[in-house]
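One structure is given here, and the rest of the page talks about it.
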Amino acid sequence: MSRVAPLSGFPEWTPEGRRVERHVIDTLRDEFELHGFAEVETRAVEPLDRLSDDSEASKEIYALRRLKADPEDGDSGLGLHFDLTVPFARYVEEFSGRLAFPFRRYQIQKVWRGERPQDGRFREFYQADIDIVGRDSLPARADAEVAVLMARALARLPIPGVTMRLNNRRIVESLYRGLGISDLNGTLRIVDKLPKIGPDGVSEVLAAAGLEARAISGVLSLAGVSGGEQAFAEGLREVEGEYGGDHEGLREGIDELTETLAVINAAVPGVAVADLSIARGLDYYTGTVVETFLEGHEDLGSISSGGRYDSLVAGGGFPGVGMSVGVSRLVGRILSAGLAAATRSVPSAVFVAVTDEDARPRSEAIADRLRARGIPAEVSSTAAKFGKQIQAADRRGIPFVWFPGDTGGDGQVKDIRSGDQAPADADAWAPPEQDLKPRVERL
């Protein structure tokens, strides 16, 4: 028989790893609901003509078909969703008559993307999205609200601190027009390569695209503006003074970004800075755009991104703002870098020993009485010597072993970490709160 080989890009964790993944998902869900966001779940498939467009992502769609498909079964035109935005747009359009706006939604699901697997990039992965969508309008303060929620959610995870880097489409658009640049989206896609090829490389690509030297200099100068509110304002003033721009649009963008930074940092001090080199997503977003980086792990790239859009639905009328976090990307780094670990791999807090097979019903009854009180318990699979049963519990990380009594009483419970042992009643005894359920602890 050939050796089983893993499929690249399709992560499978050990029970300990799955416990960490579950902790991340549960923590995000809890924080999202604390802020009043309602959960939705959309189907895994969408029609290919809805999924497919001119974007790069369209090259990565997994088409759905049966090996022996009937041409009339309707499956041939379906594909697995590669993000949660496309299905959410369809969902809002389909259910708009039954939703209350502004609609505050979160969604945590698996998505599938046929890209080249590498560190932090998978073909099957969990993604978590939050959005606030309006019916015809949405206040600008929603930009900061979504970013604050995401910052607070990430702060609860067993990871280092994060930095949110913000840009605004209005600022970039205004100054690019002042430089005579007509292909805004094409230029933004080139600027997005700055981290990979550096200023010289970007300059060469911009020149090849037909930009003049002054325009290239202005683009790079703008991309160099970053920092807190004051540093951002001073740096932008210098660029504006040298290269000009559409002043009305520029002022609107500056005001929006400055206010958004101030609100975010008031709620989560020091987490947000302006960075006008952030270009990813600006061809889609119409106002604020956010990229989030893990401190000390910047090589992982952005772990959470999003921004403001004019309309979620192609027909218009549904402006919104949202952010997404790559759950599997985070979990992969947490596990590979040893940032956190589960206190045990199994839910059991108590391992009930079996003195002999004839007495197994007594052990089962004790376990059931513990379970009835919400205490996870399992019964030994063998009636081996107690020493071997203790070893079995220890291998599984179970902190307590229960020894049933021979006559009268329920027996004794041993904390196998400290060695402490005492008589116990299955209807009254409980483990310490920190031992009741497995926990994920930052290392």
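The values are calculated or read from the model by the stated rules, or taken from the named source; none is laboratory data. None of these values were measured; they are calculated from a predicted model. Because the Cβ atoms are built from the backbone with ideal geometry, glycine has one as well, and the counts that use them run over all protein chains shown. The area values use the complete protein model at the heavy-atom level, side chains included, leaving out ligands, DNA and RNA. Shrake-Rupley method; radii C 1.70, N 1.55, O 1.52, S 1.80 Å.
General observations
- Count - residues of segment 269-283 that are of a type in the set (V, I, T), assigned to a loop (DSSP other than H, G, I, E, B) and either surrounded by fewer than 19 Cβ atoms within 10 Å (Cβ to Cβ) or in contact with an Asp or Glu (Cβ under 7 Å, 6 or more places away or on another chain) (or both): 1
- Options V325, V379, V313, V346; residue that is buried (at least 24 other Cβ atoms within 10 Å of the Cβ), touching a residue at least 12 places away in the same chain (Cβ under 8 Å) and not basic (K, R): V325
- The criterion of being in a loop (DSSP other than H, G, I, E, B) and closer than 14 Å to D425 by Cα does not hold for G374.
- Residue within segment 229-246 that is at pLDDT 90 or above, surrounded by 13 or more Cβ atoms within 10 Å (Cβ to Cβ) and not small (G, A, S) present: no
- Residues that are charged (D, E, K, R) and open to solvent by 60 Å² or more (accessible area, probe 1.4 Å), drawn from segment 17-41: R18, R19, R22, D26, D30, E33, E39, E41
- Any hit, segment 335-352, residues being under 13 Å from the mean Cα position of the chain (by Cα) and under 30 Å from G374 (Cβ atoms): no
- Any hit, segment 403-417, residues being under 32 Å from the mean Cα position of the chain (by Cα) and β-branched (V, I, T): no
- Given (1) without any contact (Cβ under 8 Å) to a residue 12 or more places away in the chain; (2) in a helix (DSSP H, G or I), number of the condition R333 does not satisfy: (1)
- Among the residues of segment 303-362, those identified as of a type in the set (S, T, N, Q) and either touching a Leu at 6+ places or on another chain (Cβ under 9 Å) or at positive phi (or both) are S304, S324.
- Residue match in segment 361-371 (condition: free of Cβ contacts under 8 Å to residues at least 24 places away in the same chain, open to solvent by less than 20 Å² (accessible area, probe 1.4 Å) and farther than 30 Å from E21 by Cα): no
- Considering residues of segment 377-395 that are in contact with a helix residue (DSSP H, G or I) (Cβ under 9 Å, 6 or more places away or on another chain) and not in a strand (DSSP E or B) only, the residue nearest to D358 (Cα to Cα): A383
- Failed condition for I398, given (1) farther than 30 Å from V24 by Cα; (2) part of a loop (DSSP other than H, G, I, E, B): (1)
- Failed item, numbered, when G409 is tested on (1) in a loop (DSSP other than H, G, I, E, B); (2) touching a helix residue (DSSP H, G or I) at 6+ places or on another chain (Cβ under 9 Å); (3) over 30 Å from T27 (Cβ atoms); (4) not hydroxyl-bearing (S, T, Y): (2)
- If you check V172, V133, V205 for being in contact with a strand residue (DSSP E or B) (Cβ under 7 Å, 6 or more places away or on another chain) and either among the β-branched types (V, I, T) or open to solvent by 10 Å² or more (accessible area, probe 1.4 Å) (or both), only one passes: V133.
- Among residues of segment 222-246 that are within 22 Å of L184 (Cα to Cα), those with a beta-carbon under 6 Å from a residue that is among the charged types (D, E, K, R) at least six positions away or on a different chain give the pairs S226/D275; D246/R177.
- Selection of segment 79-120 for residues being open to solvent by 30 Å² or more (accessible area, probe 1.4 Å), modelled with pLDDT of 90 or more and assigned to a strand (DSSP E or B) yields L80, R104, K110, W112.
- Total residues in segment 382-409, condition hydrophobic (A, V, I, L, M, F, W, C) and open to solvent by less than 30 Å² (accessible area, probe 1.4 Å): 7
- Test for V289: is it over 30 Å from P195 (Cα atoms), open to solvent by less than 10 Å² (accessible area, probe 1.4 Å) and among the β-branched types (V, I, T): no
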